[in-house]
Amino acid sequence: MKEIFEQYGSVIIAAVAISALVAIIVMLLATDGVVADSFKNLIDSFFNRAAGTITI
């Protein structure tokens with residue numbers, strides 16, 4: 001076990017770090033995530049303001 005960590009320790013750490021980063025990104029970009037909610041609110045606000053400025 002010690003030999004495995006001596007040879008592949010940096011690779012294991014890199015794999016864990018990349019996996020954690022991917023998990024965070026997936027969580028933020030999920031359908032009900034923080035980024036998705038903010039983007040939806042931005043788009044809704046834009047179209048509501050745009051509709052309010054249109055006169056017929």
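Distance between the modelled labels on Val11 and Asp44, one decimal in nanometres: 4.8 nm (7 Å Cα→Cβ projection).
Computed from phi, the 3J(HN,Hα) profile of the stretch 40-46 under the Karplus parametrisation 6.51, -1.76, 1.60 (θ = phi - 60°) reads 5, 5, 4, 5, 4, 5, 4 Hz, with x in place of Gly and Pro. With the gyration tensor restricted to C-alpha atoms of the chain, the semi-axes of the equivalent ellipsoid amount to 49, 8, 5 Å, longest first.
A short reminder: the numbers here are calculations on the coordinates, not readings from a lab. Predicted, not measured: the structure shown is a model, and the values here were computed from it. Neighbour counts run over all protein chains shown; Cβ positions are idealised from the backbone, glycine included.
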